[in-house]
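Structure first, then comments.
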Amino acid sequence: MGLLNSLTALCLAGLGGSVGALLRYGASKRAVARRAKPHAATLTVNLAGSFFIGILAGAEWKAVRPELYALLGPGVMGGLTTYSTLNVQKATMKAEGRYRTLAKYAAATYLGGWLAFALGWIIGKAANG
């Protein structure tokens, strides 16, 4: 990938990251407005992001369409998913003594994220032939 293509991919990843962050923020605000638990929105965006980046990886978009992959993969999905918020929420649960909720949340995020990615990978591979 030449310098111009690298700069283009970098800019697209930044643009996509902004979109992903806005989507995540919107999901969090919507969850609070609907009186849902904030960690439900974080879990949802993390699982969705894992699934969709799995599709991109399985379809090998990084090699075939590097600029589009930069926009959607590390960009939108990277901005959408959030492990920093996850860790703040886990620390809050621990401080509040909600150990059972903490354990379920961590398991759902890590195991669910891996399963969502794997399912996306399978779908991406199948779509790629």
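The values are calculated or read from the model by the stated rules, or taken from the named source; none is laboratory data. Keep in mind it's a predicted model, so treat the numbers as computed, not measured. Methodologically, a virtual Cβ is constructed for each residue, glycine included, from the backbone with ideal geometry; neighbour enumeration extends over all protein chains shown.
Overview of results
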| quantity | calculated |
| --- | --- |
| Helices (runs of 4 or more DSSP H) enclosed by the stretch 65-129 - at least 3 residues per element that are exposed (fewer than 15 other Cβ atoms within 10 Å of the Cβ) | 83-95, 99-128 |
| Test: GLY20 is small (Gly, Ala, Ser), at pLDDT 95 or above, out of contact with any Pro (no Cβ under 9 Å at 6 or more places or on another chain) and crowded, with 21+ Cβ neighbours inside 10 Å | yes |
| Number of positions in the stretch 29-60 that are free of Cβ contacts under 8 Å to residues at least 24 places away in the same chain and in a helix (DSSP H, G or I) | 8 |
